[in-house]
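Undergrad: Mind having a look at this structure? Questions to follow.
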Amino acid sequence: MNVQIEDSWKQQLSPEFEKDYFVRLTDFVRNEYRTTTIYPPGRLIFNAFNLCPFDKVKVVIIGQDPYHGPNQAHGLCFSVNDGIDFPPSLRNIFKEIQSDLGTPVPSSGNLTRWANQGVLLLNATLTVRAHQAGSHQRQGWEEFTDAAIRALADKREHLVFILWGSYAQKKGAFIDRNKHLVLASAHPSPLSAYNGFFGNKHFSRTNEYLISHGKSPIEW
């Protein structure tokens, strides 16, 4: 399989590309792009990996599905393109950062600046049909992204894994808490943000941990 993904990730994940599930997934995704509107644009499917090489990862934030509205998704979980209104979860993320660190809410919801600092913004499912949330779940993406998380958890040390909501917490359940910092709370969605997302201080706690292990903090 000729998968266009950053070289260090290609090296880590190449066994996956030969597995039956990934061959089936590739056929499914190609057919979907041919026959209907899919987000993100095809060239951005692996954007999270391409912006954040394996050895540069310091923090992993796990999302579920790409945004399914026009011009929103660009391959990074919770992030939207410049000029796009903040979705509710992202608005709440910025509120928590402001409360936790005192930094003002940014003018853009594009989180490429986080990815460039070593934050892997990884959705469990990397593609979705327009206006159909969850439409590409259970096609194989989850197995692929599990392999990426496992590679980081096994081969790297002192990473921060941020798990918001029960879905992300299940996906990260196997991560060794003695080797990495795992931060879990309610999801930033308006439905649950007041049940433990607000006040979780995940952004300051992440930076304290990184600094304590000789790594530069993230400019959130």
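Undergrad: Would you mind telling me which residue in 144, 197, 28 has the biggest mean-square fluctuation in a Gaussian network model of the chain, where springs connect alpha carbons within a distance under 10 angstrom?
TA: 28
Undergrad: Using a Förster radius of 25 Å, what is the FRET efficiency between residue 174 and residue 8 based on their Cβ-Cβ separation? Nearest 0.05, please.
TA: Approximately 0.70, to the nearest 0.05.
Undergrad: Also, quick follow-up: In whole Hz and in residue order, list the ³J(HN,Hα) couplings for the range 70-85 that follow from phi through the Karplus curve 6.51 cos²θ - 1.76 cosθ + 1.60, θ = phi - 60°; x for Gly and Pro.
TA: Values, residue by residue: x, 6, 8, 6, 9, x, 10, 5, 6, 8, 10, 4, 3, x, 9, 4 Hz.
Undergrad: Excluding residue 72 itself, calculate the net charge of residues whose Cβ lies under 12 Å from the Cβ of residue 72, where each Lys or Arg counts +1 and each Asp or Glu counts -1.
TA: Residues close to residue 72 contribute a combined charge of -3.
Undergrad: Tell me, what is the FRET efficiency for residue 82 and residue 194 to the nearest 0.05, using R0 = 30 angstrom and their Cβ-Cβ distance as r?
TA: My answer for the efficiency is 0.55.
Undergrad: How would you order 58-67, 35-44 from highest to lowest mean count of nearby Cβ atoms within 10 Å? Please list the in-between numbers first.
TA: Working: 58-67: 23.8, 35-44: 15.6.
Going by the mean number of other Cβ atoms within 10 Å, highest first, we get 58-67, 35-44.
Undergrad: What list of ³J(HN,Hα) couplings, whole Hz, do you get for the range 173-181 from phi and the Karplus terms 6.51, -1.76, 1.60, once you set θ to phi - 60° and write x for glycine and proline?
TA: 3J(HN,Hα) across the range 173-181, in whole Hz: 5, 7, 5, 6, 6, 7, 9, 9, 8.
Undergrad: Rank 176, 55 by accessible area, highest first, at a 1.4 Å probe radius? Numbers along the way, then the final one.
TA: Working: 176 70, 55 110 Å².
Reading off the accessible areas and sorting them downward yields 55, 176.
Undergrad: Can I ask one more? Tally Lys/Arg at +1 and Asp/Glu at -1 over every other residue whose Cβ is under 12 Å from the Cβ of residue 171; what's the total?
TA: -1
Undergrad: Can you give me the C-alpha center-to-center distance between the range 66-88 and the range 26-65, rounded to a whole angstrom?
TA: Their Cα centres are 13 Å away from one another.
Undergrad: Counting every Cα pair in the chain, what percent are over 23 Å apart?
TA: Details: 10580 of 24090 pairs.
More than 23 Å apart: 44 percent of the Cα pairs in the chain.
Undergrad: Under 10 Å from the Cβ of residue 127, count the other residues' Cβ atoms, weight Lys and Arg +1, Asp and Glu -1, and hand me the total.
TA: Neighbourhood net charge equals -1.
Undergrad: Residue by residue through the range 123-132, what is 3J(HN,Hα) from phi via Karplus (6.51 cos²θ - 1.76 cosθ + 1.60, θ = phi - 60°)? Round to whole Hz and write x for glycine and proline.
TA: 6, 5, 10, 9, 9, 7, 6, 3, 6, 10
Undergrad: Beyond 30 Å between alpha-carbons counts as too far, so tell me which of 10/95; 95/155; 179/201; 19/201; 58/171; 19/95 fall in that bin.
TA: On the way: 10/95 36 Å; 95/155 33 Å; 179/201 21 Å; 19/201 40 Å; 58/171 18 Å; 19/95 42 Å.
In this structure, 10/95; 95/155; 19/201; 19/95 lie more than 30 Å apart at Cα.
The values are calculated or read from the model by the stated rules, or taken from the named source; none is laboratory data. All values reported here derive from a predicted model rather than from experimental measurement. Neighbour counts are summed over all protein chains in view; Cβ atoms, including those assigned to glycine, are modelled from backbone coordinates with ideal geometry. Only protein heavy atoms, including side chains, enter the accessible area calculation; ligands, DNA and RNA are left aside. Shrake-Rupley method; radii C 1.70, N 1.55, O 1.52, S 1.80 Å.
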